[in-house]
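Single-structure report; data block below.
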Amino acid sequence: MIESLKSFYEKYKKINESLIDPEVLKSPEMVIKYSKELSEVEKPAKLYEEYLKVLNEIDELRSLDSPDLHEEILKEIKEKEDTISKLEKEAGDFLDSLDSNFSRNVIVEIRAGVGGQESAIFAGDLLRMYLRYAERHGLEAEILDSHETELGGFKEVTFSISGNGAYKLFKYESGVHRVQRVPVTEASGRIHTSTATVAVLPEATEVDIEINPDDLRIDTFRSSGAGGQHVNRTESAVRITHIPTGTVVVCESERSQVQNRVIAMKILRAKLFEMKKREEEEKMSDMRRNQIGMGERSEKIRTYNFPQKRVTDHRNGFTAYNLEEVMDGYLDEIVKSLIEWESQLTVKG
């Protein structure tokens with residue numbers, strides 16, 4: 001994690017060099033500009049500088065090791081390694097602080113895209129992957145709404161993830177996920193390409209988003225399900241339309257109209273909060289916005305190639321050949337690479 005601070009350290013060194021440049025010193029405006037930039041990167045740069053210093057001290061201790069001093073040197077090395085652990089925690093806390101939403105719970109929507117039944121099956125595979133990922137991190141998952149297909153896939157499914165760091169772990173999943181494999185419905189054995197879209201929404205409270213009841217149109221209707229599932233004979237399903245933005249949320253997973261309305265409002269609030277967040281992100285520099293993307297569903301972010309057992313993230317070029325493990329919820333390596341990549345763009349942007 002602390003390696004993510006290296007770009008801050010490099011920028012810190014460059015700014016210091018600029019501040020002793022005679023040409024810069026002639027301009028009070030430039031001095032003020034560079035001084036402000038220096039203050040923004042000083043904390044992570046000093047953390048990284050201390051990290052390098054302690055690593056060097058550990059190397060020196062190991063070079064001095066001898067039978068007479070072995071126990072004493074081992075004790076000192078342990079103390080230095082404890083310092084490294086503390087610095088790594090500080091680095092993680094700093095990176096978390098860059099995103100004000102990192103501690104929020106999230107609502108995740110998965111929708112089948114291109115590819116018919118195979119796309120719906122892939123949406124189900126992604127759901128399982130995320131539920132396992134959440135479980136491995138001690139997070140709680142709850143299905144809020146779903147529309148299952150006859151072959152066990154999902155046209156769409158919405159679920160919440162609750163617990164410390166939920167948004168931090170899931171924030172990079174928004175976008176188009178592409179799968180390349182032979183579908184179970186393909187008799188000839190040809191490889192098909194299908195997609196599913198994922199949207200990750202930070203969960204919002206009434207304090208974050210105030211919704212005027214007069215801005216809502218609420219309709220009720222009878223819920224429906226796949227063959228064999230319970231189908232309500234009463235109008236328990238709820239559709240809520242936020243008139244000013246045209247945002248529509250439908251929930252029909254519960255048998256109670258009241259429960260469906262509560263869930264629908266929860267999802268609507270998250271969607272409106274995401275819109276507000278995107279408006280703020282539009283104020284970022286064009287360079288950084290173009291580099292990291294805006295998490296749009298139209299952006300292809302990752303490919304899961306089953307014949308080659310390969311997973312590739314197209315944002316930072318990360319590639320691994322442990323697809324089975326990834327589909328079983330082992331996403332940490334991918335997420336770690338994206339955290340480091342984004343931290344570098346934050347400094348450059």
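The values are calculated or read from the model by the stated rules, or taken from the named source; none is laboratory data. None of these values were measured; they are calculated from a predicted model. Note that each Cβ is placed from the backbone with ideal geometry, even for glycine, and that neighbours are counted across all protein chains shown. Protein only, heavy atoms only, side chains kept; ligands, DNA and RNA dropped before computing areas. Shrake-Rupley method; radii C 1.70, N 1.55, O 1.52, S 1.80 Å.
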DSSP bridge orientation in the chain - percent antiparallel, rounded to nearest 5: 90 percent
The chain: relative contact order in percent, alpha carbon pairs under 8 Å with at least 6 residues between: 17 percent
Expected vector for region 146-151, Karplus 3J(HN,Hα) from phi with 6.51, -1.76, 1.60 and θ = phi - 60°, integer Hz, x for Gly and Pro, equals 7, 10, 8, 9, 5, 8
In whole Å, what are the extents of the chain along the principal axes defined by its C-alpha atoms, from largest to smallest? 80, 54, 38
Per 0.36 nm of contour for each residue apart, how much would the distance between ARG132 and THR205 grow if the chain were fully extended, relative to their Cα-Cα spacing? 23.6 nm
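May I ask you to give the solvent-accessible area per residue for region 119-224, in square angstrom, as obtained with a 1.4 angstrom probe?
Numbers: 4980 Å² over 106 residues.
Computed with neighbouring chains in place, this is 47 Å² per residue.
Exceeding 25 Å between C-alpha atoms, which entries from my cross-link table qualify? They are LYS13/LYS33; LYS6/LYS26; LYS13/LYS53; LYS6/LYS336.
Details: LYS13/LYS33 15 Å; LYS6/LYS26 30 Å; LYS13/LYS53 16 Å; LYS6/LYS336 15 Å.
Violating the 25 Å limit, Cα to Cα: LYS6/LYS26.
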Once the Cβ-Cβ distance between ARG222 and THR319 is put in as r, and R0 is 41 Å, what FRET efficiency do you end up with, to the nearest 0.05? 0.30
What area, in nm² and to one decimal, does the C-alpha convex hull of region 52-192 cast on average over all directions? 13.6 nm²
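Mind ranking HIS177, HIS192 by accessible surface for me, highest first, 1.4 Å probe? Please list the in-between numbers first.
Details: HIS177 0, HIS192 60 Å².
Sorted by accessible area, descending: HIS192, HIS177.
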Which residue, TYR167, TYR51, TYR130, tops the fluctuation ranking in a GNM of the chain built on C-alpha contacts under 10 Å? TYR51
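Using the Kirkwood radius built from alpha carbon pairs, what does the Stokes-Einstein equation give as D for region 1-132 at 4 °C and 1.567 mPa s, in µm² per second?
Working: Rh = 19.4 Å.
Using the Kirkwood radius from Cα pairs, D works out to 67 µm²/s.
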For the chain, modelled as a GNM with alpha-carbon contacts under 10 angstrom, which of HIS242, HIS147, HIS70 fluctuates the most? HIS70
Report the net charge of residues surrounding ILE243, where surrounding means a beta-carbon distance below 10 angstrom and charges are Lys +1, Arg +1, Asp -1, Glu -1. -1
GNM on the chain, C-alpha springs below 10 Å: top fluctuator among GLU118, GLU17, GLU274? GLU17
In order over region 236-246: 3J(HN,Hα) from phi, Karplus 6.51/-1.76/1.60, θ = phi - 60°, whole Hz, x for each Gly or Pro, gives 8, 6, 10, 10, 10, 10, 8, 4, x, 9, x
Sticking with the crude label model, points 7 Å out along Cα→Cβ, report the distance from VAL258 to LYS78 in nm, one decimal please. 5.9 nm
Calculated FRET efficiency, GLU71 and MET30, Cβ-Cβ r, R0 56 Å, to nearest 0.05? 0.55
Quick check: at a probe of 1.4 Å, how many percent of the accessible area of the chain sits on carbon and sulfur atoms? 49 percent
